[in-house]
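The values are calculated or read from the model by the stated rules, or taken from the named source; none is laboratory data. All figures in this text were calculated on a predicted structure; none of them were measured in a lab. Virtual Cβ from ideal backbone geometry, glycine too; neighbours counted across all protein chains shown.
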């Protein structure tokens with residue numbers, strides 16, 4: 001299994017080798033030279049060490065972010081008219097956050113519901129990262145996937161659940177895939193940097209969505225611009241109050257992506273192009289084709305997430321439909337280090353934060369935008385990994401974001417031939 | 001005239017544009033200023049070799065800081081007497097300075113992450129953007145319930161209407177000078193930066209550092225210090241653009257106010273080939289569509305061309321700046337070459 005290429009050589013060179021050979025930062029596979037009778041205890045310990053070294057830094061970043069968030073909450077607790085500095089507010093806020101997410105049965109289902117689109121989109125973005133591409137277009141792909149799902153769902157009304165759902169989901173994937181194809185093709189053929197093009201396409205997608213919902217898709221006789229509701233295409237609820245089919249699809253995607261990335265030729269080619277496009281081309285791979293394919297898959301996943309969300313939760317789309325999934329999924333992919341398993345856990349974490357945020361705002365009065373702030377701080381601490389390692393004296397801990405080697409960090413076309 | 005089949009409406013179209021030119025030019029400049037400032041921030045930063053995607057976040061933060069500082073200043077000092085030209089008041093000045101400082105602080109963070117920690121510069125920029133959205137959104141929601149009194153905004157210069165009627169260049173003079181102080185300052189900053197970048201020692205050093213930092217270091221230029229200084233200064237430029245939004249163009253802050261203007265600024269920088277004047281021109285190009293849309297909405301002529309223009313859905317006009325950006329990006333970027341060391345972290349050789 002490939003290790004992340006995120007370890008920064010300059011820092012690791014100064015880390016003293018640790019006593020346990022299994023924890024050496026540069027060893028990627030776990031074959032420590034084994035004496036024939038290695039005790040169970042020592043084997044468990046080495047597994048434990050590996051797990052620790054993989055999660056230590058993200059955990060630390062999360063804990064630190066919660067502390068910083070707590071400080072922000074205290075400092076701003078006096079802003080509401082008539083309030084004063086409240087030192088206990090962070091605890092109230094975080095306990096409300098917990099209640100709304102993992103502390104109650106409804107909350108746990110909500111966590112899964114919120115985590116599903118993050119997982120799907122994050123997997124796509126993580127795949128793109130492996131190829132050295134930065135897909136910021138998740139938001140636009142999400143919108144268009146959702147719009148396509150509703151449009152086809154409404155059109156297929158009356159044909160029964162199986163046909164309607166399948167049709168709507170496929171439509172969502174095609175729409176998202178197309179919206180990922182565009183920046184991919186632009187990058188491959190003209191070198192236009194996907195960071196800027198995907199952001200532009202986000203805006204265009206939003207306007208397109210508004211136009212369609214206020215125009216051709218509009219529910220007649222409705223005072224507000226909104227689409228017709230879908231019945232047949234609505235996803236069945238599998239558990240809890242709103243645990244819909246999309247959750248299963250999201251969890252199913254994780255092993256699929258793991259398999260794609262690690263066991264399939266395509267995955268190998270993607271990783272090769274991400275590591276060194278010139279070497280890949282020399283080996284006979286076609287970077288252009290891979291770029292287009294990767295961006296299309298990333299778009300497809302985001303579109304799928306949008307479609308499943310709208311078919312499973314809202315069943316109807318107003319013109320004011322909006323989401324933060326596109327950007328949160330970037331943090332999810334970074335936190336999970338572009339690794340499908342890591343992305344799964346990161347998505348669950350942010351799903352929990354999302355699910356609890358509403359409760360936090362209602363019960364403790366802390367605005368839910370705090371979650372966005374927490375996201376940024378987590379990322380910040382991850383980027384500052386070398387500093388954290390020094391301050392907290394962590395040895396042999398992998399992590400940090402390093403350089404994700406976004407292919408052609410500049411805007412030039414030289415990277416693509 | 002309208003009877004001529006194809007040519008007629010086209011002539012009407014140009015007539016309409018000529019008619020509305022003073023208005024369109026004026027509105028274009030006003031809308032393009034924040035984007036132009038963001039583009040200038042990008043130019044200064046990237047010419048030194050540091051990619052700065054975070055300028056969107058810097059703009060948003062500066063916009064918020066300008067507004068909130070104005071609120072606090074008005075609460076503490078009272079609204080103040082506006083001067084005759086530009087309507088300057090003390091709270092407004094304080095707000096402006098605070099916004100500039102906030103931009104420089106955020107830029108310093110980006111510089112630290114990119115230069116000292118050698119993190120991926122795009123990720124560092126993304127962090128700043130997310131942090132800005134989160135922080136401003138959070139504070140805005142916390143404060144919004146009380147609807148505080150803001151500091152108002154700068155007024156534009158009062159240009160006598162006869163100037164616009166001067167043939168040939170009247171509309172140009174009007175467009176440049178019928179603006180507020182930040183906008184007019186920006187136009188001068190563009191010209192000054194162009195001169196600074198290409199005709200002074202500082203400019204030469206900056207460009208050297210952006211093209212080949214190793215060589216620059218051997219000649220004795222302190223690459224790290226130069227990059228830090230330039231990035232922080234560029235933060236002030238982006239912050240100026242953000243401040244413009246809340247204390248000149250409008251008088252209050254909305255969540256997510258910048259709406260991608262920073263990124264359009266990046267595109268303008270690329271289209272403008274990393275030069276200040278080019279970036280400004282590109283920004284003007286991108287926003288001419290926006291101004292055109294408003295001209296259509298308010299003054300569409302009563303002929304076939306006018307009716308056609310009015311029937312185009314507003315979302316199309318809204319998306320035009322972004323669409324134009326993509327088209328130009330795809331067409332131009334192959335021929336528009338960034339500084340050679342742009343985006344690459346620099347490692348000093350063994351210190352002397």
**OP:** For residue A:367, indicate whether it is over 12 Å from the mean Cα position of the chain (by Cα), farther than 20 Å from residue A:116 by Cα and not in a helix (DSSP H, G or I).
**Re:** yes
**OP:** May I ask you to list the residues in the range A:210-233 that are more than 14 Å from every other protein chain (Cβ to nearest Cβ) and not in a strand (DSSP E or B)?
**Re:** A:219, A:220, A:221, A:222, A:223, A:224, A:228, A:229, A:230, A:231, A:232, A:233
Original post:
Looking at B:142, B:131, which one is in a helix (DSSP H, G or I), facing chain A (nearest Cβ under 7 Å) and modelled with pLDDT under 85?
Top reply: B:142
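Which members of the range B:248-293 meet the condition of being assigned to a loop (DSSP other than H, G, I, E, B) and in contact with a helix residue (DSSP H, G or I) (Cβ under 7 Å, 6 or more places away or on another chain)? Quick ask: steps written out before the conclusion?
Taking the range B:248-293 and keeping what is assigned to a loop (DSSP other than H, G, I, E, B), we get B:250-260, B:272-275.
Scanning the range B:248-293 gives B:252, B:253, B:255, B:256, B:257, B:258, B:260, B:272, B:274, B:275.
Kindly provide the set of residues from the range B:157-185 that are under 26 Å from the mean Cα position of the chain (by Cα), outside any helix (DSSP H, G or I) and at pLDDT below 70, ordered by number. Before you say what the answer is, go through the steps one by one.
Filtering the range B:157-185 down to residues under 26 Å from the mean Cα position of the chain (by Cα) leaves B:157-159, B:164, B:169-185.
Narrowing further to those that are outside any helix (DSSP H, G or I): B:157-159, B:169, B:178-180.
Across the range B:157-185, the qualifying residues are B:157, B:158, B:159.
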Original post:
Can you spot a residue in the range B:193-216 that is more than 14 Å from chain A (Cβ to nearest Cβ) and within 30 Å of residue B:152 (Cα to Cα)?
Top reply: yes
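Hey, among B:113, B:117, B:106, which residue is free of Cβ contacts under 8 Å to residues at least 24 places away in the same chain, touching a helix residue (DSSP H, G or I) at 6+ places or on another chain (Cβ under 7 Å) and either over 21 Å from residue B:236 (Cα atoms) or more than 7 Å from chain A (Cβ to nearest Cβ) (or both)?
Criteria check complete, one pass: B:117.
Can you confirm whether the range A:353-361 contains a residue that is within 14 Å of chain B (Cβ to nearest Cβ), more than 18 Å from residue A:116 (Cα to Cα) and either surrounded by 24 or more Cβ atoms within 10 Å (Cβ to Cβ) or out of contact with any strand residue (DSSP E or B) (no Cβ under 6 Å at 6 or more places or on another chain) (or both)? Can you show your working first?
Pass one, the range A:353-361, residues within 14 Å of chain B (Cβ to nearest Cβ): A:353-354, A:357-358, A:360-361.
From what is left, the residues that are more than 18 Å from residue A:116 (Cα to Cα) are A:360-361.
So of that shortlist, the ones also either surrounded by 24 or more Cβ atoms within 10 Å (Cβ to Cβ) or out of contact with any strand residue (DSSP E or B) (no Cβ under 6 Å at 6 or more places or on another chain) (or both) come out as A:360-361.
Within the range A:353-361, one or more residues are within 14 Å of chain B (Cβ to nearest Cβ), more than 18 Å from residue A:116 (Cα to Cα) and either surrounded by 24 or more Cβ atoms within 10 Å (Cβ to Cβ) or out of contact with any strand residue (DSSP E or B) (no Cβ under 6 Å at 6 or more places or on another chain) (or both).
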**OP:** Select from the range A:137-163 the residues that are farther than 29 Å from residue B:326 by Cα and out of contact with any helix residue (DSSP H, G or I) (no Cβ under 6 Å at 6 or more places or on another chain) and list them in ascending order.
**Re:** A:154, A:155, A:157, A:158, A:159, A:160, A:161, A:162, A:163
**OP:** Could you tell me which of the residues B:83, B:28, B:69, B:2 is at pLDDT 75 or above and either over 24 Å from the mean Cα position of the chain (by Cα) or over 29 Å from residue B:171 (Cα atoms) (or both)?
**Re:** B:69
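Is at least one residue of the range B:69-78 within 14 Å of chain A (Cβ to nearest Cβ) and either farther than 17 Å from residue B:150 by Cβ or in contact (Cβ under 8 Å) with a residue 12 or more places away in the chain (or both)? Outline the logic, then answer.
So the first thing to find is which residues in the range B:69-78 are within 14 Å of chain A (Cβ to nearest Cβ), and the list is B:71-72, B:75.
After this cut, where a residue has to be either farther than 17 Å from residue B:150 by Cβ or in contact (Cβ under 8 Å) with a residue 12 or more places away in the chain (or both) as well, the list is B:71, B:75.
Yes: one or more hits.
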Subject >> helices (runs of 4 or more DSSP H) contained entirely in the range A:269-358, each with at least 1 residues that are at pLDDT 85 or above and farther than 27 Å from residue B:127 by Cβ >> reply: A:277-282, A:287-309
Subject >> Number of positions in the range A:78-89 that are within 14 Å of another protein chain (Cβ to nearest Cβ) and either part of a helix (DSSP H, G or I) or at pLDDT 75 or above (or both) >> reply: 1
